[in-house]
Amino acid sequence: MLNFTIVTLFPAMFESPLNHSILKKAQEKGLISVVLVNPRDYTTDRHRITDDYPYGGGQGMVMKPEPVVAAIEDIKIRMPRAKFILLSPQGRVFNQASAAELAKEEELVLICGRYEGVDERVKDFIDDEISIGDYTISGGEPAAIVVIDAVSRLVPGVLGNAKSADDESFSNGLLEYPQYTRPEEFRGAKVPEALLSGDHERIRQWRRQMSVQQTQKRRPDLIGRVDLSPEEKELICNQRAPVYVALLHYPVYDKNRQIVTTAVTNMDIHDIARSGRTYGIKGFFVVIPVKALQRLALKIIDHWARGYGSQYNATRKEALALARVKDTLDDVLIDLEQEYGVRPRIVVTSARPGGRRTSFAQLQDMLINTTHPFLIILGTGWGLTETIISQSDYVLEALEGWTDYNHLSVRSAAAIILDRLLGR
Ligand code: 9D3
């Protein structure tokens with residue numbers, strides 16, 4: 001049994017939502033109960049005033065503390081164990097886990113704010129503050145209804161046994177699979193064949209695959225927290241754009257903004273290859289026009305990918321097998337164009353401020369919704385030249401801490417960029 005007490009200036013707003021369907025039945029069965037309390041009944045002035053002007057000026061009105069705190073204190077006498085929750089845009093965002101926490105309580109008091117908010121000192125009389133999401137609604141009442149609905153569903157007996165089990169199976173963190181009912185064909189759109197097969201194992205697999213695919217496509221923010229099988233992870237990897245990384249040793253700036261060629265380093269090649277393999281990139285190009293340095297790069301790669309080192313360390317072999325050496329960026333583009341039949345989208349990184357930047361979130365979205373190849377170009381030395389940057393399709397936002405020091409090594413930057421774009 002869970003009792004909700006709602007503190008609201010507009011009790012009538014709750015009449016209809018509480019008197020339909022599941023919430024109505026839950027009350028009839030005595031599994032939940034709802035009591036409405038109006039702070040206006042706790043005013044002491046002739047006009048029963050509940051709001052006032054904000055100190056310091058500004059738009060609108062603020063809920064006065066006296067009536068709402070009087071209501072809270074009165075409720076507390078009757079229900080000493082109740083949990084007091086203020087619904088407000090400043091609260092922590094409500095989700096299924098918060099609903100599950102609240103469903104363990106016996107007495108919940110939901111306080112609905114109105115106007116531009118409640119006097120800050122009311123917060124000394126509450127246990128928690130909840131928002132239902134990042135958008136503006138006119139008051140706490142619709143939010144309280146959302147909380148009551150989500151919490152009540154988790155009270156034992158409110159849903160039928162079958163339905164609860166059903167809900168349970170979807171709290172696996174994935175979006176639900178697509179549902180179909182009759183007719184078998186509607187305006188030319190057929191029900192997927194797997195669902196008509198009668199083969200329960202096949203139906204289960206189809207539903208799971210659709211759940212994973214839908215979640216990856218529409219809610220990439222959720223997919224990282226889900227336990228996936230190796231096959232499911234591979235499905236996700238193969239669904240997104242093929243990503244390549246190029247480490248450019250020419251043309252790049254030196255300290256004095258002169259265009260130079262930088263030296264190949266053992267550690268950059270190893271570490272970027274290993275990061276690349278970890279995050280599932282398709283290839284890693286080391287771009288260096290100087291023949292002697294090319295030979296050095298090839299020697300490092302071949303030793304580990306094909307030579308003695310490949311027998312000595314199999315995981316290193318797997319990473320360095322991604323690496324290829326190229327004379328110029330154009331050679332990389334020609335290679336990829338040959339493989340995919342289209343010019344790859346070019347992404348550059350630049351530590352220098354200014355210009356139009358693509359955010360990591362934007363680029364992450366682009367990688368999910370396309371099969372077009374992407375090439376991320378990393379500069380060595382003091383960074384990529386303006387000419388290279390002007391050839392790119394996207395300039396990624398700079399990596400920044402909260403200090404004015406910004407000297408990441410290219411291999412550290414590579415790891416951070418790959419994690420943000422391709423990490424779970
Ligand atoms: C101009 C600043 N606004 C704050 C974001 C003022 C304001 C707008 C709307 C102050 C209060 C409200 C009323 N909203 C709620 O009381 C509320 C709410 C919400 O607006 N969004 C998400 N969850 C909630 S819970 C309560």
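Among the residues of region 18-50, those identified as hydroxyl-bearing (Ser, Thr, Tyr) and not in a helix (DSSP H, G or I) are SER33, THR43, THR44, THR50. The residue of region 127-140 that is farthest from ALA70 (Cα to Cα), among those that are touching a Phe, Trp or Tyr at 6+ places or on another chain (Cβ under 6 Å) and within 13 Å of the ligand (Cβ to nearest atom), is ILE132.
Restricting the search to helices (runs of 4 or more DSSP H) fully inside region 70-170 and requiring at least 3 residues that are of a type in the set (Gly, Ala, Ser), touching a His at 6+ places or on another chain (Cβ under 7 Å) and free of Cβ contacts under 8 Å to residues at least 60 places away in the same chain gives an empty result. Considered as a group, the residues in region 269-287 that are among the hydrophobic types (A, V, I, L, M, F, W, C) and part of a helix (DSSP H, G or I) include one that is surrounded by the most Cβ atoms within 10 Å (Cβ to Cβ), and that residue is ALA273. Of everything in region 70-126 that is within 12 Å of the ligand (Cβ to nearest atom) and of a type in the set (Ser, Thr, Tyr), the residue that is surrounded by the most Cβ atoms within 10 Å (Cβ to Cβ) is SER88.
Only the coordinates and a few stated rules stand behind these numbers; no lab work does. Everything numeric here is computed off the predicted structure, so don't read it as measured data. Because the Cβ atoms are built from the backbone with ideal geometry, glycine has one as well, and the counts that use them run over all protein chains shown.
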